[in-house]
């Protein structure tokens, strides 16, 4: 089977109509504004995807992989995806935007069951920026919703972003005032 190639810009979680240049570093603190929204639409979740996740995570609870047990014994109405599968998808919204920038905290909770065939739209929104010690912190409210618009996961994340470096040029013909501002 030939590997399916996905366009670089279609795989990333970036605002619509945003020009995406290939890069290998994340945003700077100055580049991120409160209210910035990110979104990533994922294809429908498959039974095979759930089985692969069960194997990779070591969570082989039959409710996730055996239809009869999930329906009859577990009384769950059929198999369903692991909550952490959705969390991983929500995490992709953040990592697509942040690239190499570290997360100080990332937490989500599953709010409703996600079934095979559900399509998740993952989202994140910058809710706060602040400085704490030497760290520049950005807080995101994040989560996912299914194709019916129901929230399936909700949570938050805090990223640590660097400041842009200040460039000082030695070819200036006039005095150059460098202004320093402390945030916080």
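What follows draws every value from the coordinates through simple rules; no lab data is involved. None of these values were measured; they are calculated from a predicted model. Don't worry about glycine lacking a Cβ; one is built from the backbone with ideal geometry, like all the others, and counts go over all protein chains shown.
Note: relative contact order over the stretch 121-171, using C-alpha pairs below 8 Å and six or more positions apart, is 31 percent. In this structure, residue 30 and residue 167 have a Cβ-Cβ separation that, at R0 = 22 Å, corresponds to a calculated FRET efficiency of about 0.95. Full extension of the chain segment joining residue 84 with residue 109 gains 8.1 nm, where the gain is 0.36 nm per residue of separation less the Cα-Cα distance.
Between residue 130 and residue 151, the simple spin-label model (points 7 angstrom out along Cα→Cβ) gives 2.1 nm.
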